[in-house]
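Down below is the structure, laid out as structure tokens.
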Amino acid sequence: MTTLSSKPFKKTVFPVHDKTSISVCGYEFHFIQQLIPECENEQVKEYHPQKEYSNREGLPLLANGSGAFCRFCINAPAVSGVYLWLVDNQIIYIGETVNLKRRFNVGYGKISPRNCYMGGQSTNCKMNKVVMEYYKCGKPISLYFHQTEDHKYVELDLLKKIETRYNAKDN
């Protein structure tokens, strides 16, 4: 299970002057919104999508495929680019996408039952749990986005320059 104190890392803080945009390594990122899970009575609504999968093949659960997940969505266009997840002005995750709206609303924000099992989207499961845990600790994640067709190049460039908590393969 993903926890907030799971791994030490070098802290890289970027000043957020007006919350609407930040410059990171020469790239301009614009604030999209905070990642806020669905709540009921001030508590995060938890889901267990893995229970909805028939699993006829007897696939094992992924390391991050067990336990509870949350649901969230963003109001964003279907454009390509690179996104940053920030908490306390610190970048905790960097990703790239060909469709920002779909990546968050179908990928991270609503975990497919199949993705909880071997061969599924481990990153979706891991990062959904990160959204839920930070929110429960009173630290919602801020989403920033840089629109570009060169999203793979920009992501790799940033990952070479910035160490994040959740981009490592072994967490």
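So with the 1.4 Å probe, I'd like the accessible area per residue for the chain, rounded to whole Å².
Details: 9110 Å² over 171 residues.
Counting only protein heavy atoms, the per-residue value for the chain is 53 Å².
Where does segment 104-163 land on Rg/Rh, using Cα atoms and the Kirkwood Rh?
Numbers: Rg = 13.9 Å, Rh = 13.5 Å.
Rounded to two decimals, Rg/Rh equals 1.03.
Report relative contact order for segment 56-145 in percent, whole number only (criteria: Cα-Cα under 8 Å, sequence separation at least 6).
Values: 136 pairs, mean separation 34.2, N = 90.
Here the relative contact order equals 38 percent.
Ignoring everything except DSSP H segments at least 4 long, calculate the 222 nm mean residue ellipticity for the chain; use -39,500 (n - 2.57) per segment, divide by total residues, nearest 500. Display every interim value, and only then the final one.
Working: 2 runs with 26 residues, N = 171.
Per the formula, -5000 deg cm²/dmol.
What are the radius of gyration and Dmax of segment 46-100, computed over its Cα atoms and given in Å?
15.6, 44
Hey, if you put +1 on the Cβ of every Lys and Arg and -1 on every Asp and Glu Cβ in segment 22-171, which of MET127, PRO140, GLY65 ends up farthest toward the positive end of that dipole?
Highest projection toward the positive end goes to GLY65.
List the extent of the Cα atoms of segment 63-171 along each of their three principal axes, largest first, rounded to whole Å.
Sorted from largest, the Cα extents of segment 63-171 read 34, 28, 27 Å.
The values are calculated or read from the model by the stated rules, or taken from the named source; none is laboratory data. For clarity, every value in this text was computed on a predicted model and none was experimentally measured. When we count neighbours, we look across all protein chains shown, and the Cβ atoms used for this are built from the backbone with ideal geometry, even at glycine. In case anyone asks, the SASA skips ligands and DNA or RNA and just uses the protein heavy atoms, side chains included. Shrake-Rupley method; radii C 1.70, N 1.55, O 1.52, S 1.80 Å.
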